[in-house]
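Trainee: Please find one structure pasted underneath; my questions will follow.
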Amino acid sequence: MDDSQNKTLDSEKSQQAGEIESADVEESGEPMRVKATRFLRLCWFRRRLVGGICVAGTLISLAIALLSPKIYTSTTTLMPSDNASPYSSLLGVLTGSSPAADLGSEALGLGDQGDLFVGILGSRTVEDSLIARFDLKRYYSVPLMGEARKSLEADTHIAEDRKSGIISIGVAARNPVLAYDLAQGYVDELNRVLTDDSTSSARRERIFLEERLKEVTQDLDNSSQALSQFSTKSGAIDLPSQAKSMVDAEIKLQGELIEGRSELAALRQNYSEDNTRVRAVEASNAELQRQIDKMGGAPREDNSTPAATNSIYPSVDQLPALGLKYYGLERKVQVDQALWESLTKEYEVARVQEAKEIPTVKVLDPANLPERKSGPSRRLILMMGAMLSLAAACLVVLALTAWEEIDPQEEPKKMIVEVIGGMASFRRRS
């Protein structure tokens, strides 16, 4: 009974569609106008269906627009540094903006510094560092690092202006503070990579000089300490000046002693040994002799050797023995000192050169804390939903019309009708 009723309704609809089509053909002989008029009449004939689909699609798009989270975008712009390339002198004859310069750079294998910065910003090293730094796996609710990396790439837009060389970085996030932190984090990571991974010759030279300077500094400390200990034990502070002053002092004492002995001999001819003047000159001569003995000078009148003293300074007769070792230690200190001064100058030059060669990042516009959302556009979502629902309604109308135009006696249609009827009966039974 149900099948016969369905067939009757289908035949009636087919007749009505045929009447509409024949009326369209009779009204105008222009095929495009006939098709448009026929389509509009079909939509009007099924206006309730079209209106229902449009209303449903619009309501769904409105719900999506209202439930979608707000997105904030923070942007920063960078200017590559103006450090000269090692081959800039070779390309100096070429115009920087001419095709010849570009061909020359490509032929020499020189990459643009902006391309280098863009490549570093999109590298896995920078992305993994940002993911770990801001715990983006938890933010994106993903368990794997690769999924978090894909989500970060989808929220990040990095572009370079070929004419000006300015690089713009835009990061979108549901939290304005996170968007700001990520934009600033890209700049920080770029600086870190450029500083840590620089392999320039100046960096290698600076590292070598730094290690060599540590060794020379240690050698200088050791040699200076050895000379200090030797001087403390032997009393040899500055042998050249010390020897000259000691020799001059000894000569002066020897002259005074000779004069004292002459005076004593003259006094003994006129006075006895108990005379106060004789005794005073004898005491003065004895003191002069004691000082000469303390300095390690000449032997006494009775050809006896000078007595040992407890002086903290070396005696004159000890100077030749101490001089060999002292001069060796002093020469080692002087060599280490000269080498240390030379390496220190070279090290400072290498540091300056390295700072010049490392491409530093110049921030043109720092990252901003977004005050307004950048998306989604609810108006656009609503308009797109309405348009898509209208298009879907038109497709449904065309599909139903095409279905009705099929002869009910054709096997494909009969089979589909039977399947649909069987499913409907099964549902009613259940």
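Just so you know, all these numbers are worked out from the coordinates, no wet-lab data involved. Here the structure is a predicted model, which means the values were calculated and not measured. Quick reminder, even Gly has a Cβ in these numbers, built from the backbone with ideal geometry, and neighbours come from all protein chains shown.
Trainee: Highest first, please rank the peptides 63-69, 170-176 by the mean number of other Cβ atoms sitting within 10 Å of their residues. Display every interim value, and only then the final one.
Mentor: Numbers: 63-69: 12.0, 170-176: 19.7.
Going from most to least packed, we get 170-176, 63-69.
Trainee: How do 211-220, 269-278 rank on mean C-beta neighbours within 10 Å, highest first? Walk me through the intermediate numbers first.
Mentor: Numbers: 211-220: 14.5, 269-278: 10.2.
The densest-packed peptide leads the list: 211-220, 269-278.
Trainee: Mind checking the full-extension length gain between residue 47 and residue 175? Use 0.36 nm per residue of separation minus the Cα-Cα distance, one decimal, nm. Please list the in-between numbers first.
Mentor: Numbers: separation 128, 0.36 × 128 = 46.08 nm, distance 4.45 nm.
Extra length from residue 47 to residue 175 when fully extended: 41.6 nm.
Trainee: As a footprinting exposure proxy, order 228, 389 by other Cβ within 10 Å, with the fewest listed first. Could the numbers behind the result be given before it?
Mentor: Details: 228 12, 389 21.
Sorted ascending by nearby Cβ count, the order is 228, 389.
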